1. Quick one: F110 ticks every box in (1) closer than 19 Å to G289 by Cα; (2) out of contact with any Asp or Glu (no Cβ under 7 Å at 6 or more places or on another chain); (3) in a loop (DSSP other than H, G, I, E, B) except a single one, so which number is it?
2. Limited to the range 267-282, what total is found for residues that are surrounded by fewer than 18 Cβ atoms within 10 Å (Cβ to Cβ), at negative phi and assigned to a loop (DSSP other than H, G, I, E, B)?
3. If we scan the range 216-224, do we find a residue that is over 19 Å from D120 (Cα atoms) and either polar (S, T, N, Q) or touching a residue at least 12 places away in the same chain (Cβ under 8 Å) (or both)?
4. Out of the residues in the range 249-262 that are within 14 Å of the chain's Cα centre (by Cα) and part of a loop (DSSP other than H, G, I, E, B), state the one that is nearest to M55 (Cα to Cα).
5. Name the one entry in T87, T41 that is assigned to a loop (DSSP other than H, G, I, E, B) and of a type in the set (V, I, T).
6. How many of the residues making up the range 209-218 are part of a helix (DSSP H, G or I) and surrounded by 12 or more Cβ atoms within 10 Å (Cβ to Cβ)?
7. Being surrounded by fewer than 15 Cβ atoms within 10 Å (Cβ to Cβ) and modelled with pLDDT under 95 is the filter; apply it to the range 46-75 and report the residue that is nearest to the chain's Cα centre (by Cα).
8. Taking the residues in the range 1-43 that are modelled with pLDDT of 90 or more, under 24 Å from S288 (Cβ atoms) and aromatic (F, W, Y) as candidates, determine which candidate is surrounded by the most Cβ atoms within 10 Å (Cβ to Cβ).
Amino acid sequence: MENTNVKNWDNDHFMHPWEGMGDMGQNERAFLETSDGVYVTNDKGQKLIDGPAGMWCVQVGYGRDEIADAMADQARKLAYFSPFNNTNTVAAEFAREIAKRAPGDLNHVFFTTGGSTAVDSAIRFVHFRNNLLGKPTKKKIISRQKAYHGSTYLSAAVSGKERDRLWLDKPDGLAHFLPDVNPLMRGPDQSVDDFLDEKIADLENAILDLGPENVAAFIAEPVLASGGVIVPPKGYHKRCIEVCHAHDVLYISDEVVTAFGRLGHWFASKDVFDIQPDIITCAKGLTSGYAPMGAAIF
């Protein structure tokens, strides 16, 4: 098989995320073919350090035989079961191990196919909860500019990256976006403390303007990853969660990027930012990118 053929097949048939329509069928992409530890090797035999770990996924490195062997063994024993009607020892053990590591009373794990569907599940659960509690109008989700929470229709609706919103439709009325939380964007004479006060006021004013009876949750990444690796001012998350709980608004911590060692801990919410979220969403490092999987933890 000549590489020229494979290159043509890639351009002719493999539609990549964020494919530029003007360049479609003419791209010159690197073919990554093998890997080991922190390295990937391309089709020219060049060995490269994979600094981003794929897309912030491969926390424990490539070529881990114990993971590959466990996956192959499980595929031979049982490739699939319906969680509606049955359960499985491995799945129960995995849920237990995640629950043991999640902060506080977050001890119920709902498995999904990735980060986007974990966020979908969290939002749908929040809406379901409020329906059960007799609060049918309490449905709005507050998010931030530059926030990224997924690429499904629902998770994209609460994502605040401008590029994502230029050409793709979103449901109206679900999300409300607060201004950028990047401290570098503060005014020339504005201190970080004043900027922090402004960001907290953004959140509380939005809840009051929309009506606490209409606001279901605030969703936030501990570090806004895809939006530019933005670290909010110190104390930001703690003060946000205090505002949320004062108005019966749930706090969803989107740890798809920051969990499972990315910031040095199983979860960053408690250990790095000293908050106890109501819900955590995760994926990526959950399987180190070896399998597409996510989870919403309640």
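1. Evaluating F110 over (1) closer than 19 Å to G289 by Cα; (2) out of contact with any Asp or Glu (no Cβ under 7 Å at 6 or more places or on another chain); (3) in a loop (DSSP other than H, G, I, E, B) leaves (3) as the failure.
2. Selection size over the range 267-282: 2.
3. Looking for residues that are over 19 Å from D120 (Cα atoms) and either polar (S, T, N, Q) or touching a residue at least 12 places away in the same chain (Cβ under 8 Å) (or both), one finds at least one in the range 216-224, hence yes.
4. Selected residue: V257.
5. Going through T87, T41 in turn, just one is assigned to a loop (DSSP other than H, G, I, E, B) and of a type in the set (V, I, T): T87.
6. 1
7. The qualifying residue nearest to the chain's Cα centre (by Cα) is M55.
8. Filtering the range 1-43 for residues that are modelled with pLDDT of 90 or more, under 24 Å from S288 (Cβ atoms) and aromatic (F, W, Y), the one surrounded by the most Cβ atoms within 10 Å (Cβ to Cβ) comes out as Y39.
The values are calculated or read from the model by the stated rules, or taken from the named source; none is laboratory data. What you see is a predicted model, and the numbers here were worked out from it, not measured in a lab. Glycine also receives a Cβ, built like all others from the backbone with ideal geometry; neighbour counts cover every protein chain displayed.
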